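The block underneath contains the structure these notes are about, expressed in structure tokens.
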Amino acid sequence: MRTIRIFDTTLRDGEQSPGAAMNIGEKLQIAKQLARLGVDIIEAGFAITSPGDFEAIKTIGGEVEGPIICSLARAKDADIKRAWEAIKDAPKRRIHTFHSTSEIHLKYQFRIDQAEALRRSVEMVKLAKSYVDDVEFSPMDATRTDIGYLCEVTEAVIEAGATTVNIPDTVGYSIPSEFGALIKTLHERVPNIDKAIIAVHCHNDLGLATSNSLAAVLNGAGQIECTINGIGERAGNCSMEEVVMALRTRSDLFNADTNITTEEIMRSSKLVTKITGMSVQPNKAIVGANAFSHESGIHQDGLLKEKSTYEIIRPETVGLHKTKYVLGKLSGRHAFKTRLGELGYTLSDDELNTAFERFKKLADQKKEIFDEDLESLIAQEDTTVPELYSLEDMHISSGFNEQPTATIKIKIGGEAIEKTEHGDGPVDAIFKAITSITGTKSNLIKYEVKAITGGTDALGEVVCSLEEDNKSVSGHGADTDIIVASAKAYINALNKLAARKR
Ligand SMILES: [Zn+2]
């Protein structure tokens, strides 16, 4: 049985999804979850692109134990040096450098010939190798590269010290039989191929990212690059949960498995959804809301008699449990701490105190507190966005024959400002009042309300995405009152925009 390495690029390629920009605290939260999930490598960012990316990689390298921490770098001196500075304190570290190899990229984008691209690639792999042993090289647009040249580049970068060579289907152009054959050819024609791991990085433009990655595994690939929920540039990347569960479910066929703790899959998916504001379609494989629901009477009948009649994966395997009542008003601090521990959260005393206060407040509004409620409560503890604006008070009136009116009080710096506005509905009125108080001029591009658990007293979670100067952020807020949750989400997004400006 071979072990296929999982290289997660949610924080780099995933962040390139429109609207999925994350701040350092959010990236750290995801990286910690990726470590619990058991990914082998975390591509934590692209160090040279911004000070924020650099800091995120550095912070993750210093705080997240387990996986190899990797930074992306173009095949340029300054990029590789910056990548090294970002990862150097991580106990396990990697530099991932890349250069285009396809005729179309070299001719139109770089205006250099194949020999020059090869020379730069080799030189930059050697430079990366002078800093760190673990070096990955990607010939960008590999699937549209002349195969003879691709073999030549692969051999040369391995010779120069690359320990992983990643074959990207950058534009999502390949199909499984063709991509599998490409990986096979590399294994047949590159003489030193056993000195490196062959990785694949597939995009989903034709809906084939997972299939192409699996075809590559059948032909010798040893590392898959993927993201949680398949987010990423354009149509996204290979989805981690799909490729991992395909390998696990059909290990008879692949004769391969991964180091992933599959029970952590659902939690990882929900966390990424929450932070990026990008929802998963209900019929999405593995993590969609309907992925384990059976509607057909014939199927239900079979399931009642024997689960394996219609169920190829047990829901518990991916961490899907029946929502159960866990805590309530009378639960004490100890029970609260224990349950959080069981869910994988360890909080400092201070964090625990504030979280417990919130819990008590929630327990007054809501009889039964579920695991999902607790997770939402902890997510709110993410205090990494400095709060320029904070919600002090609000009052709403709306009705059948009444114009919705919102009065809201917000603290900006030390000063509390109150305003009243009317709107088409209560949310509209609130957003107008907040906009007027803060004097901000962002556009609302998405507004979404979800109930975290069932019941009319459930916590409502609101995600709201704002755009300003071509930058977009997603804010979230949770409350048993969805109007209050809406105000919190809007203010959270404004705080994120303000933090990005500084
Ligand atoms: Zn990509």
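The values are calculated or read from the model by the stated rules, or taken from the named source; none is laboratory data. Just so you know, these numbers come straight off a predicted model, no measurement behind them. Because the Cβ atoms are built from the backbone with ideal geometry, glycine has one as well, and the counts that use them run over all protein chains shown. Side chains included, ligands, DNA and RNA excluded: accessible areas come from the protein's heavy atoms. Shrake-Rupley method; radii C 1.70, N 1.55, O 1.52, S 1.80 Å.
Taking the listed residues THR164, THR185, THR210, THR145, the one that is touching a residue at least 12 places away in the same chain (Cβ under 8 Å), open to solvent by 10 Å² or more (accessible area, probe 1.4 Å) and under 27 Å from the mean Cα position of the chain (by Cα) is THR210, with no other qualifying.
Taking segment 22-46 on its own, how many of its residues are assigned to a loop (DSSP other than H, G, I, E, B), within 21 Å of VAL385 (Cα to Cα) and either aromatic (Phe, Trp, Tyr) or open to solvent by less than 30 Å² (accessible area, probe 1.4 Å) (or both)? Qualifying residue count for the region: 1.
In a residue-by-residue description of segment 255-263, the property of being surrounded by fewer than 17 Cβ atoms within 10 Å (Cβ to Cβ), within 30 Å of GLY477 (Cβ to Cβ) and within 16 Å of the ligand (Cβ to nearest atom) applies to no position. Each residue in segment 444-478 was checked for being over 24 Å from the mean Cα position of the chain (by Cα) and either open to solvent by 20 Å² or more (accessible area, probe 1.4 Å) or hydroxyl-bearing (Ser, Thr, Tyr) (or both), and 4 of them qualify. Every test in (1) at pLDDT 95 or above; (2) more than 29 Å from ALA31 (Cα to Cα) is passed by SER398 save one, and that test is (1).
Return yes when LYS419 is over 28 Å from the mean Cα position of the chain (by Cα), without any contact (Cβ under 8 Å) to a residue 24 or more places away in the chain and open to solvent by 60 Å² or more (accessible area, probe 1.4 Å) and no when it is not.
In short, yes.
State which residue is nearest to the ligand (Cβ to nearest atom) when the search covers only segment 233-254 and only residues that are open to solvent by 10 Å² or more (accessible area, probe 1.4 Å) and among the hydrophobic types (A, V, I, L, M, F, W, C). The residue in question is ALA235.
If you go through segment 451-463 and keep only what is in contact (Cβ under 8 Å) with a residue 40 or more places away in the chain and not in a loop (DSSP other than H, G, I, E, B), you end up with GLU461, VAL463. With respect to THR438, determine if the residue is over 20 Å from VAL272 (Cβ atoms), surrounded by 16 or more Cβ atoms within 10 Å (Cβ to Cβ) and polar (S, T, N, Q). Yes: the conditions hold for THR438. Within segment 282-300, being assigned to a loop (DSSP other than H, G, I, E, B) and open to solvent by less than 80 Å² (accessible area, probe 1.4 Å) holds for PRO282, LYS284, ALA285, ILE286, VAL287, GLY288, ALA291, PHE292, SER293, HIS294, SER296.
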